[in-house]
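Student: Before I ask anything, here is the structure I am working with.
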Amino acid sequence: MITFYNKLDSISKEKRSLLCVGLDPDPRWLPDGIKDVFSFNQMIIDVTSEFVCAYKPNLAFYEVLGESGYRVLKDTIDYIRYKAPNVVIIGDAKRGDIGVSTEKYAEAIFEKYEFDAVTVNMYGGFESIEPFLKYSGKGVFIWTKSSNPGGNDIQNAQIKHNGKYITICEYIASLVNEKTDGQNLGLVIGATFPKDILQLRNICPKAPFLIPGVGQQKGDLVSSIRNGLSSIGMRVLISSSRYIIKPSVQYNFLSEVHQKSKKLYEDISKVVSETSEEFDIKT
């Protein structure tokens, strides 16, 4: 059976990439001449697909569009499968509930939309994410340490565990480390907290880390990669959304998107080649 870890490792090696582009389209950003969100997504995918190993649509940007948004989301997923058939597609949903409700969330994510992975929160305990884990070969990234400063209000709160005090995000990482045999669990950790990335990697050496906050939120790219790489030299996804896809100019915006994604890809590859020798910059 091909596990999610297998799929992620394979596409990272094939593309020599750890770059994940977030597809979070705001209709207010559409350049002149682009009439709809799906056309915008197609263009973004066309000029970034050579650099990425993953795409991450944030469901909020599609749900806000109403009924048409669900069609746009499905069409976007289908287009990614056509344009870049082996990349990982992550549903950035941050779902978290209990019982039948979370079962339906899992069914929607993995059966209706056919995502390869999903982001979840486990405020309801481990049982709140178990329905997602029943889908073999699918990835489940637990929202652990968010990139916003306010996340510290809860995520850095301390609890007593096995006789010592640890933070809640450390506790989540320890739970994931205990349950990585299924090779489908990962963590979401913001690039704005590179020291926490290292601390959580020491607790959880095998699981993939999805790391947002590079670009618009000015996260530390170099330290995030170096601190996040697993013992096999990969299992990090550097996610960038607005920095890449939000146009700063109306004219020739696709050239801008292409250049930004290429630059970020090269910056990531440089750090990885200096750190793990797993892959080098594509020429």
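The values are calculated or read from the model by the stated rules, or taken from the named source; none is laboratory data. The model shown is predicted, which means the values in this text are computed figures rather than measured ones. Heads up, the Cβs are rebuilt from the backbone with ideal geometry, glycines too, and the neighbour counts pull from every protein chain shown.
Student: So is ASP92 among the acidic types (Asp, Glu), closer than 23 Å to LEU185 by Cβ and in contact (Cβ under 8 Å) with a residue 12 or more places away in the chain or not?
Tutor: yes
Student: Inspect the stretch 85-102 for any residue being in a helix (DSSP H, G or I), more than 21 Å from PRO194 (Cα to Cα), of a type outside the set (S, T, N, Q) and over 19 Å from the mean Cα position of the chain (by Cα) and give the result as yes or no. Talk me through it step by step, then tell me what you get.
Tutor: At the first step, the residues of the stretch 85-102 found to be in a helix (DSSP H, G or I) are 99-102.
Narrowing further to those that are more than 21 Å from PRO194 (Cα to Cα): 99-102.
Add one more test, that the residue is of a type outside the set (S, T, N, Q), and what stays is 99-100.
Narrowing the set further to residues that are over 19 Å from the mean Cα position of the chain (by Cα) leaves 99-100.
Yes.
Student: Specify which of the listed residues (LYS218, LYS246) is modelled with pLDDT under 85 and of a type in the set (D, E, K, R).
Tutor: LYS218 is the lone residue from the list that is modelled with pLDDT under 85 and of a type in the set (D, E, K, R).
Student: Taking the stretch 226-243 as the search range and keeping residues that are β-branched (Val, Ile, Thr) and modelled with pLDDT of 95 or more, which one is nearest to VAL47 (Cα to Cα)?
Tutor: Among them, the one singled out is ILE238.
Student: Hey, could you check the stretch 114-163 for residues that are among the acidic types (Asp, Glu) and assigned to a loop (DSSP other than H, G, I, E, B) and say which is surrounded by the most Cβ atoms within 10 Å (Cβ to Cβ)?
Tutor: Here the answer is ASP116.
Student: Just one of ARG28, ARG16 is among the basic types (Lys, Arg) and without any contact (Cβ under 8 Å) to a residue 60 or more places away in the chain; which is it? So that I can check it myself, show each step before the final result.
Tutor: Working: ARG16 fails: without any contact (Cβ under 8 Å) to a residue 60 or more places away in the chain.
Unique residue meeting the criteria: ARG28.
Student: TYR82 is checked against (1) touching a Phe, Trp or Tyr at 6+ places or on another chain (Cβ under 8 Å); (2) part of a helix (DSSP H, G or I) and fails just one. What number does that condition carry?
Tutor: Only one criterion in (1) touching a Phe, Trp or Tyr at 6+ places or on another chain (Cβ under 8 Å); (2) part of a helix (DSSP H, G or I) is unmet by TYR82, namely (1).
Student: Sort out which residues of the stretch 207-228 are farther than 16 Å from PHE141 by Cα, crowded, with 20+ Cβ neighbours inside 10 Å and of a type outside the set (S, T, N, Q), and write them in order of number.
Tutor: Keep residues of the stretch 207-228 that are farther than 16 Å from PHE141 by Cα, which gives 214-227.
Pick out the ones that are also crowded, with 20+ Cβ neighbours inside 10 Å and you get 214-215, 219, 221, 224-225, 227.
The answer is VAL214, GLY215, GLY219, LEU221, ILE225.
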